[in-house]
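Undergrad: After the structure tokens below, expect a handful of questions from me.
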Amino acid sequence: MGWLDEQVALVTGGGSGIGEATCHHLAEGGHRVAVLDRDPESAGRVAKAVGHDGGQASPVVADVTDRAAVDAAFAEVRRTFGPIEILVTSAGVCRFAAFEDITVDDWQRTLDVNLTGTFHCCQAAIPDMTAAGWGRIVMISSSSAQRGAGRAPHYAAAKGGVVALAKSLALAYAPHGITVNNIPPSGIETPMQHEAQADGHLPPNDVMAKAIPLGHLGTPSDIAAAVTFLASDDAGFITGQTFGVNGGQVL
Ligand SMILES: NC(=O)c1ccc[n+]([C@@H]2O[C@H](COP(=O)([O-])OP(=O)(O)OC[C@H]3O[C@@H](n4cnc5c(N)ncnc54)[C@H](O)[C@@H]3O)[C@@H](O)[C@H]2O)c1
């Protein structure tokens, strides 16, 4: 797969779901992985599990909405592992509400975590990548940015911003050898999805599966495999793309 020798990858939201699987995949590819999450317990658990499987990982705790905490966390990763050349932004929150019921605080928090958090982490990582003349950024967006989400318009708007940010950074940093792509998941079995189902915001798996041409939901590993490909040398001519991994939904 054209693996690079042991680069430093930082995965936000690395403590659960898609981020967790991505930490494992990148470590299996030989990268040193910083598992960033706001939840210290889950970041520590994932880093330990990666180590148990023979990979190199270190937990780092930050809320991506807090710029000072992000800068401190990235500095800690540089001290531990070296310059960050692969960034995966998977930290996200999804809240469901009818548009007229969205409070200003909910609107702001949803944009802060999903979009502004991505902005903070990209600004923190890009200087390392420009210095190296090589970099990979993979943002986890959402299919809600492609088709809209009537019961989560703030989330869809934030993820739409992520797609536009990815395309814009792809143009801005192509001359520096940095590729920037986004993956918009849909129907991936993670704690986030299970919580939405438990709260009645999403239908059960068998109903969701009917909307997926391949007939079943995806796993975090399905997304992680695509992220790891986009982070490889083999994906060097792919940038600015919305890379669908969704069981055949044409969006
Ligand atoms: N599961 C799906 O089907 C699906 C669909 C569309 C988009 N997504 C997106 O994929 C990404 C990963 O979602 P998941 O399903 O793995 O969810 P998840 O809830 O399992 O994992 C999200 C992780 O992000 C962390 N996090 C949340 N807010 C944070 C913050 N402010 N700072 C640092 N860490 C924070 C959480 O602690 C958690 O460990 C999210 O951006 C989500 O919006 C998922």
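The values are calculated or read from the model by the stated rules, or taken from the named source; none is laboratory data. This is a predicted model, so every value here is computed, not measured. No Cβ is skipped: glycine too gets one built from the backbone with ideal geometry, and neighbour counts run over all protein chains shown.
Undergrad: Could you count how many residues in the range 100-127 are of a type in the set (Asp, Glu) and buried (at least 22 other Cβ atoms within 10 Å of the Cβ)? Break it down into steps so the answer makes sense when it comes.
TA: First, pick out the residues of the range 100-127 that are of a type in the set (Asp, Glu): 100-101, 105-106, 112.
Of the ones still in play, those that are also buried (at least 22 other Cβ atoms within 10 Å of the Cβ) are none.
The number of residues fulfilling the criteria is 0.
Undergrad: Checking Ala224 against (1) farther than 16 Å from His25 by Cβ; (2) of a type outside the set (Ser, Thr, Tyr); (3) part of a helix (DSSP H, G or I), which single condition isn't satisfied?
TA: Failed condition: (1).
Undergrad: For the range 86-99: of the residues being crowded, with 24+ Cβ neighbours inside 10 Å and not in a loop (DSSP other than H, G, I, E, B), which is farthest from the ligand (Cβ to nearest atom)?
TA: Here the residue is Ile86.
Undergrad: In the range 118-144, how many are near the ligand (Cβ under 10 Å from one of its atoms), part of a helix (DSSP H, G or I) and under 19 Å from Cys23 (Cα atoms)?
TA: Total meeting the criteria: 2.
Undergrad: With (1) assigned to a helix (DSSP H, G or I); (2) free of Cβ contacts under 8 Å to residues at least 40 places away in the same chain; (3) β-branched (Val, Ile, Thr) as the list, and Val250 as the residue in question, which single condition is left unmet?
TA: Every listed condition holds for Val250 apart from (1).
Undergrad: Still on this model: Hey, among Met139, Met129, which residue is under 21 Å from Cys94 (Cα atoms), in contact with a strand residue (DSSP E or B) (Cβ under 7 Å, 6 or more places away or on another chain) and without any contact (Cβ under 8 Å) to a residue 60 or more places away in the chain? Even if it seems obvious, please write down each step before you answer.
TA: Values: Met129 fails: under 21 Å from Cys94 (Cα atoms).
Just a single option satisfies the conditions, and that option is Met139.
Undergrad: Go over the candidates Ala73, Ala34, Ala9, Ala57 one by one and state the one that is of a type in the set (A, V, I, L, M, F, W, C) and either more than 23 Å from Leu230 (Cα to Cα) or modelled with pLDDT under 95 (or both).
TA: Only one candidate passes the filter, namely Ala73.
Undergrad: For the range 19-47, give me the residue count where each residue is surrounded by fewer than 17 Cβ atoms within 10 Å (Cβ to Cβ) and more than 15 Å from the ligand (Cβ to nearest atom).
TA: 2
Undergrad: Filter the range 195-226 for residues that are more than 11 Å from the ligand (Cβ to nearest atom) and touching a residue at least 60 places away in the same chain (Cβ under 8 Å); which is surrounded by the fewest Cβ atoms within 10 Å (Cβ to Cβ)?
TA: Asp199
Undergrad: All but one of (1) away from the ligand (no atom under 15 Å from the Cβ); (2) in contact with a Phe, Trp or Tyr (Cβ under 6 Å, 6 or more places away or on another chain) hold for Glu6; which doesn't?
TA: It fails just one condition, (2).
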